[in-house]
Amino acid sequence: QVQLVESGGGLVQPGGSLRLSCAASGSIFRFYVMGWYRQAPGKQRELVATITNGNSTNYADSVKGRFTISRDNAKNTVYLQMNSLKPEDTAVYYCDARTTSYHYWGQGTQVTVSS
């Protein structure tokens, strides 16, 4: 069974930065797209960013210019670099990976932006 393990979350002040990691148990070549979602209490889950095997990326309007998604195939890891963080970025961030047949999720990592 595929496992996705998120890490890198924590408490950061507004304007600060965090780098989230999503480590997969095995090669990520089999995932045609991977990405990050987030969910804050009382709000719907929203797509933050995606990246394909061809390194095509997409971002939510709310994070464009501040967040960068990338992948390191040798390390079987996807990253989300988050800069200029705002309190409204506070949420649990989930890693997502998809094959043509299956959809996998990590357990999430908490990001809290507060002074």
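A few remarks follow.
- Note on segment 10-51: Cα convex hull, mean projected area over all directions, 4.4 nm².
- Per residue, segment 1-89 exposes an accessible area of 54 Å² to a 1.4 Å probe, with every protein chain left in place.
- Cut-off of 10 Å, at most 14 other beta carbons, DSSP loop: longest stretch of the chain lacking such chymotrypsin sites (Phe, Trp or Tyr not before Pro): 33-101
- Ordering S27, Q3, I51 by Cα displacement along the dipole of the chain toward the positive end leaves S27 in first place; charges were set at the Cβ atoms of Lys, Arg (+1) and Asp, Glu (-1).
- The lysines whose alpha-carbon is closer than 18 Å to the alpha-carbon of K43, local same-chain residues fewer than 8 away aside, are K86.
- Counting protein heavy atoms only, the chain has 46 percent of its accessible area on carbon and sulfur, 1.4 angstrom probe.
- Only Lys, Arg (+1) and Asp, Glu (-1) charged, at Cβ; segment 1-82 dipole about Cα centre in debye: 20 debye
- Virtual paramagnetic centre 7 Å along Cα→Cβ of T99, amide N under 16 Å, in segment 4-35: 4, 24-34
- Divide the volume of the convex hull around the Cα atoms of segment 1-82 by the residue count and you get 114 Å³ per residue.
- Neighbour cut-off at most 13 other Cβ (10 Å), DSSP loop, trypsin sites (Lys or Arg not before Pro), segment 54-115: K64
The values are calculated or read from the model by the stated rules, or taken from the named source; none is laboratory data. Keep in mind that this is a model prediction, so the values were computed, not measured. Heads up, the Cβs are rebuilt from the backbone with ideal geometry, glycines too, and the neighbour counts pull from every protein chain shown. Each accessible area value is taken on the protein alone, full model and side chains, heavy atoms only, with ligands, DNA and RNA left out. Shrake-Rupley method; radii C 1.70, N 1.55, O 1.52, S 1.80 Å.
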